[in-house]
1. Looking at this structure, is Leu27 aliphatic (A, V, I, L, M), within 22 Å of Asn132 (Cα to Cα), in the same structural domain as Leu128 (by TED's automatic domain parsing) and surrounded by 15 or more Cβ atoms within 10 Å (Cβ to Cβ)?
2. Yes or no: region 232-250 includes at least one residue that is closer than 11 Å to Asn276 by Cβ and away from the ligand (no atom under 13 Å from the Cβ).
3. I'd like the residue in region 44-64 that is aromatic (Phe, Trp, Tyr) and farther than 12 Å from Glu107 by Cα and, out of all such residues, is modelled with the lowest pLDDT.
4. Could we say that Asp284 is modelled with pLDDT of 90 or more, within 13 Å of the ligand (Cβ to nearest atom), surrounded by fewer than 22 Cβ atoms within 10 Å (Cβ to Cβ) and more than 27 Å from Leu549 (Cα to Cα) here?
5. Based on what the data block shows, is Glu102 assigned to a helix (DSSP H, G or I) and modelled with pLDDT of 85 or more?
6. Just one of (1) at pLDDT 90 or above; (2) not in a loop (DSSP other than H, G, I, E, B) trips up Ala23, so point out which.
7. Is it true that Asn3 is modelled with pLDDT under 55, over 18 Å from Leu137 (Cβ atoms) and assigned to a loop (DSSP other than H, G, I, E, B)?
Amino acid sequence: MDNLTAEQRRKSMQSNKAVGTKAEIILSKTLLARGHKHRRNDKSVYGTPDLAFKKIKLAVFVDGEFWHGKDWGKQKNNIKSNQAYWIPKIKRNIQRDYEVNEKLTKEGWTILRFWSKEVEKEALSCILKIENEINSLKMNFTERISLNTFGDKQFKVRLVEPDNSGKAILTHYLHNSEDKKISKIYKKNAIKYAKEFLAYSYPQDTITSEAVNEALQSGLFSNERIPFPPKKNPKFHFIDLFAGVGGFRLAFQNLGGQCVYSSEWNKDAQTTYYANFDDFPFGDITKELIKNYIPQKFDILCAGFPCQAFSIAGYRKGFTDTRGTLFFDIEQIVEKHRPKVVFLENVKNLVSHDKGQTFKTILEILEEKLGYKVFHKVLNSMTHANMPQNRERIFIVAFDPKQVKNYDKFNFPKEIKLTKTIHDILDQEKQDDKYYYSKNHPYFPELDKTMTKKDTVYQWRRIYARENKNNVCPTLTANMGAGGHNVPLIRDDFGIRKLTPRECFAFQGYPVDKFVLPPIVDSKLYMQAGNSVTTTLVERIGKKIVDLL
Ligand SMILES: C[S@@+](CC[C@H](N)C(=O)[O-])C[C@H]1O[C@@H](n2cnc3c(N)ncnc32)[C@H](O)[C@@H]1O
């Protein structure tokens, strides 16, 4: 809070509104100097953004901390004078910002919001964020020819629209084509994209509607050798958000469900997902365009959403109102589609994040705003899924009481005895040389000294190797992919080595004899395994949910 008197503040606010702020001018001048034309305070755009890039539909707002209610939960208590005037006024501003975000997003705009002080202190990082967004939006708008692969067939495709979801639309359509109610959301665009693929791949032929239909039915756009094909006569439908490599999907397919929509924006995770399920996930779930492809009716919403306070879209109003967070997107989807069950997974620390505020807000939204009945519990893969990995995660299961009458019978699965050891998971044969530490490696002497046992998994910690006393694998994390020595280590008959990506997937319950690890670099595969869920644990919880539907 500043030290102004009420009168000084009023003047400052008025001048803020009348002329551009210092922060706004810094951004505008630098962007112009770097060749990014835009208009300032363009009234023809809803909400009059401080900077508007109309061609690519990018709106940038620079918000004054006081005026727009930064950390409102705390700051409102700091307003000591003239509360009756300022509190409702600022609340209206916050509401207005929210409406502007909503309306512009619906109109296809991308919005970036910055706090004034953030721009004044870290102008360069804000400029780079804006430039990144400009570049990616420009990419989407320019015409590109790209190559798309369906199984072992390749198609050229011309991308001219911001929505380059062609492959996702086509694969989702094909998976759901037997269910007219679900597939209707994909049908029109699937036919359009199939026609584009064919027109660019067979330029000498005239592509008629019959030819497109024939191509769709003949399996030209499908992969015949999918390890995990959709189930016939599914018992229920689910959607897979923040899908990663499909830990939820595998579990719920095993329980007889059909996935009718998936979203995952990471290219490498999409590759792994597609190789196993033949469904290409849609991209950024914060985009209205992407959310619009979710079929209206489905039973279960699954989401292992990242615990991140702010979405890349640049909304960042703090967690007191969840907007700007990825949970906000889940909330919007639940509100619109009203699934019977919402099933979320996150790191155990979600409960203590921001002194418990984040978790409290999530529960309040699910229970009070959306009217769901919520159950949550921290479970460990080691104690609850007979998987020798020490991995604690929080699981949140929320039921719509109107659609699941006996929801109160729900309980989380009980502990089960850990009978598997790391040797049930580790490969016994010699692995590729790249996984072994050579005797010349600078860490080898330390590793050789500490790593004396073959039934223990170790971890490199700065300058020493730590033994995991309980003879299970330590929590696999996404930063294993960051290279270095984050991957757990073992001693086998052939030397000291890192776990292989395949073993990491096995420690997450993936049936690695069938699950395809595509030919992408190991660092990405480690990250995917660490980011994923223990799929057998999700299946145990999922069984308890499905039994109540
Ligand atoms: C914790 S991981 C979930 C992994 C998943 N449960 C699994 O079994 O593999 C979160 C995933 O969300 C994805 N993600 C983050 N932001 C996203 C967004 N805006 N749209 C779509 N996916 C997003 C990340 O790329 C990451 O793969």
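1. So Leu27 fits the description; yes.
2. Among the residues of region 232-250, not one is closer than 11 Å to Asn276 by Cβ and away from the ligand (no atom under 13 Å from the Cβ), which makes the answer no.
3. Phe61
4. Taking the combined requirement at face value, the residue does not satisfy it.
5. no
6. (1)
7. yes
Yes/no matrix, rows are residues, columns are (1) within 29 Å of Thr358 (Cβ to Cβ); (2) in contact (Cβ under 8 Å) with a residue 24 or more places away in the chain:
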site	(1), (2)
His38	no, no
Val45	no, yes
Lys54	no, no
Asp71	yes, yes
Lys89	yes, no
Lys117	yes, yes
Glu120	yes, yes
Ile130	yes, yes
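The values are calculated or read from the model by the stated rules, or taken from the named source; none is laboratory data. Model, not experiment: these values are computed from the prediction. Every residue, glycine as well, gets a Cβ built from its backbone with ideal geometry; the counts of neighbours run over all protein chains shown.
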